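Remarks on the structure that follows.
The values are calculated or read from the model by the stated rules, or taken from the named source; none is laboratory data. Computed from a predicted structure; not experimentally measured. Glycine also receives a Cβ, built like all others from the backbone with ideal geometry; neighbour counts cover every protein chain displayed.
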Amino acid sequence: MRNLPLGISDFSTIRNPSRNFIYIDKTAQIAEMVRMFPAVFIARPRRFGKSLLASTLRDLFGKGIEGFEGLDIAKTWTDTTYKVVSLDFSAFRDVGTLEDFLLAFDLHLQGRLRAAGIETSPDVSRFPLQRWETALLSLPNSSLVLLIDEYDAPLTECLHLPERFGQDRRVIASFFARTKSLSGALRFLCVTGVMKFKQNVLTPSFNALTDLSMMPQYGSLLGFTEDELRTNFSTWLERASDLCGMSHDQLISRMRREYGGFCFDQNASTDVFAPWSVLQFLACPQPDFQHYGLNPGGTTAIVRNFLKVRGLLDPAHYDEPFLEDLTVIASDDPILELQPTSVLVHTGYLTIKKATGDGAVMLGYPNEEVREAMGNLCSLHR
């Protein structure tokens, strides 16, 4: 029986034959994405596989097809290798003062530039943007792949602190602005996050980014579809069926109710299971289908900090699906003007249940685990 990749977000580790991990092949979609778009943005809740996507792209562009044997992309990939700078903004999301933030940013940037084989000053300073500009100026055209994971982590950490939010926002927006001004060095850019602070950060600083977050063809890029679950985890599902005393189909149905139902597709044509919850359950199946909650250090913190700014939400308000315009969900308004609906969809507390075909969708809780998590979160603020 192959091993569950629980908590593993490194592509080379998952693909290491000696580790015998299950890997869900999404590389056909990745190949299409890279072929179609030179710069992309994708928003998903925490623990949905964004870091694994970034790691996959890092290996693909940095090492070539090595490690991708037997995967869909191995049949079509012909590109060469590049220098890859892979940044993780969650590494400096909670670092005290603005000066601490700048120092942590610069230290992280310095390490990642060196890992990519790009020469940079050994001194750590409060000027990460200057370091970044110098690095880009040193590179030939189309020679660099830039991957930015959790770009919004420093911002969602301080949603309830307007002054600090503004300071960090200006730094990150300036980073993207400088990247845009020297974008000739880039072969490909991928930015991931939870929230879509486009007006505040990504645009107009970098308006060439294509937002894939709600495109139907990428609705299953992150998360497990039911077919992927049945095909790749069959042995684990059989084990869970035995331990829970139910048939295979009954098990899948109950898992869908507890951990599935997430839809990131504006046409509502695809829904997925939460990878973290599925892997936790399959590792230790319980007949009562334990709830593992949304990541307390990430997604829950985002909504909690938003509540500090906007006030209490009533969980019962969302018990029944309701109609909402897609423009509200995809809003890139300033944070203090964001509607709760937009925040709850991006963080995974609400999801698309049905598309009406006129620019609106029905929204509701994706599953029972999320319904419970929402009630627990709001009870803390009563």
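Exactly one of these conditions fails for LEU98: (1) on the phi > 0 side of the Ramachandran plot; (2) at pLDDT below 95. Give me its number.
Failing condition for LEU98: (1).
Of all residues in segment 145-160, which are among the hydroxyl-bearing types (Ser, Thr, Tyr) and farther than 23 Å from ALA135 by Cβ?
We begin by selecting, within segment 145-160, every residue among the hydroxyl-bearing types (Ser, Thr, Tyr); these are 151, 156.
Once the filter is applied, which keeps residues that are among the hydroxyl-bearing types (Ser, Thr, Tyr) and farther than 23 Å from ALA135 by Cβ, segment 145-160 yields only THR156.
Out of curiosity, is LEU222 in a loop (DSSP other than H, G, I, E, B) and within 21 Å of ALA39 (Cβ to Cβ)?
So LEU222 fits the description; yes.
Here's a check for you: in segment 15-41, which residue that is within 17 Å of ALA74 (Cα to Cα) and among the aliphatic types (A, V, I, L, M) is surrounded by the fewest Cβ atoms within 10 Å (Cβ to Cβ)?
ALA28
Can you tell me which residues in segment 127-141 are surrounded by fewer than 14 Cβ atoms within 10 Å (Cβ to Cβ) and either on the phi > 0 side of the Ramachandran plot or in contact (Cβ under 8 Å) with a residue 24 or more places away in the chain (or both)?
Those that are surrounded by fewer than 14 Cβ atoms within 10 Å (Cβ to Cβ) and either on the phi > 0 side of the Ramachandran plot or in contact (Cβ under 8 Å) with a residue 24 or more places away in the chain (or both): LEU137, PRO140, ASN141.
Would you list the helices (runs of 4 or more DSSP H) that sit entirely within segment 237-345 and hold 3 or more residues that are at pLDDT below 90 and either assigned by TED's automatic domain parsing to the domain that holds GLY166 or surrounded by fewer than 18 Cβ atoms within 10 Å (Cβ to Cβ) (or both)?
299-310, 326-329
Being within 15 Å of ARG187 (Cβ to Cβ), among the basic types (Lys, Arg) and crowded, with 21+ Cβ neighbours inside 10 Å is the requirement here; does ARG44 meet it? Don't jump to the end; show me each part of the working.
Values: within 15 Å of ARG187 (Cβ to Cβ): no; among the basic types (Lys, Arg): yes; crowded, with 21+ Cβ neighbours inside 10 Å: yes.
Considered against the rule, which asks whether it is within 15 Å of ARG187 (Cβ to Cβ), among the basic types (Lys, Arg) and crowded, with 21+ Cβ neighbours inside 10 Å, ARG44 comes out as no.
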